[in-house]
Amino acid sequence: MHTQRMAVSVSVLALLTLAACGTESGSGSGSGDGSDTVQGDVPVTGVAWSVDSLTVGGKKTEAPEGSRLEIDPKGRAKVGFGCNHIGADARVEGDRITFGKPVSTQMACDETTEKAEKAALAAMDGEVTAKLSGEKLTLTTEGGDTIALSEEKPAGLVGTRWAVNTLLSGETATSVPADLPKERVPHLTFGEDGTVHGNSGCNSFHGKAAVEGSTIDFGPPAGTRKMCPEAEMEVERAVLAALDGPATYTIKGSTLTVTSKDGKGIGATAAPAKSEGTQEHG
């Protein structure tokens, strides 16, 4: 259930940078005579990439909604399709990257997600070439397998229905059980009036949520007091612990992370709000 820390020996960010700039002739920090090739750094740290599809052995697999590859400023990368988390070491040379053997958590997932995960594990095992074109990134193996990605635009904190999929405790991250009843999947929505409401895994809740900069100050939540099976109650306790008092938040693409002062936190994904009015307080 616990994710494994995915240390990248050389940042995947360097791959994106070199893919974009590796063939440009020197015109900045170089000598200016055109004899040198400059591989300048492009500030892409913090970009979230949505996984569009994976093609392995000539078979294309559409990635589940919400699939993404993320890179943090420290050079760590993770790939997720909504269930397990996948990571690998990487060695970057020019526009090529050599992945070490990928590692993954071992949770049981639905058939569609498992298919995408297997395709990713196959495509990330060995050397790939990166091609960056606008907001599209393609990683291609020597055998012609590909991972197609698109740059995600940050979702807005307010008004977005955030579906909680990860529970954080210090350096440990645990996925919300995939077999929770649909109506018990925790979610929250921030209002323009400084409030938050949603479902914490068993009960619906609402409370104050004052946003200032990158900080959210949560007031004591109020809500229903139903009892649910222990797995759902365990999720609820973890969610409410993260939404207690001041916390920091970040949004990368469609992913929201909220972390309280004591290290408790949640990870959530932006979800369609088309049926929000009938579900939030159910």
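The values are calculated or read from the model by the stated rules, or taken from the named source; none is laboratory data. This is a predicted model, so every value here is computed, not measured. Glycine gets a Cβ as well: all are built from the backbone with ideal geometry, and neighbour counts include every protein chain shown. Quick note on the areas: whole protein, heavy atoms, side chains included, nothing else; ligands and nucleic acids left out. Shrake-Rupley method; radii C 1.70, N 1.55, O 1.52, S 1.80 Å.
Things worth noting here:
- The criterion of at least 2 residues that are polar (S, T, N, Q) and modelled with pLDDT of 70 or more is met, among strands (runs of 3 or more DSSP E) falling completely within the range 31-107, by 48-56.
- Within the range 135-160, the residues that satisfy the criterion of being outside any strand (DSSP E or B) and under 18 Å from the mean Cα position of the chain (by Cα) are E135, E152, K153, P154, A155, G156, L157, T160.
- Residues of the range 175-201 satisfying the condition of being farther than 22 Å from S50 by Cβ, of a type in the set (V, I, T) and open to solvent by less than 30 Å² (accessible area, probe 1.4 Å): V196
- Filter pass, E127 being more than 30 Å from K226 (Cα to Cα) and either modelled with pLDDT of 90 or more or under 17 Å from the mean Cα position of the chain (by Cα) (or both): no
- Selection of the range 238-256 for residues being at pLDDT 95 or above and either hydroxyl-bearing (S, T, Y) or open to solvent by 70 Å² or more (accessible area, probe 1.4 Å) (or both) yields T248, Y249.
- Of all the residues in the range 155-167, those that are open to solvent by 40 Å² or more (accessible area, probe 1.4 Å) and under 27 Å from D110 (Cα atoms) number 1.
- Members of the range 152-191 found to be farther than 17 Å from S254 by Cα and modelled with pLDDT of 95 or more, listed by number: G191
- Reported count of residues in the range 213-237, each being in a helix (DSSP H, G or I), out of contact with any Leu (no Cβ under 8 Å at 6 or more places or on another chain) and open to solvent by 40 Å² or more (accessible area, probe 1.4 Å), is 3.
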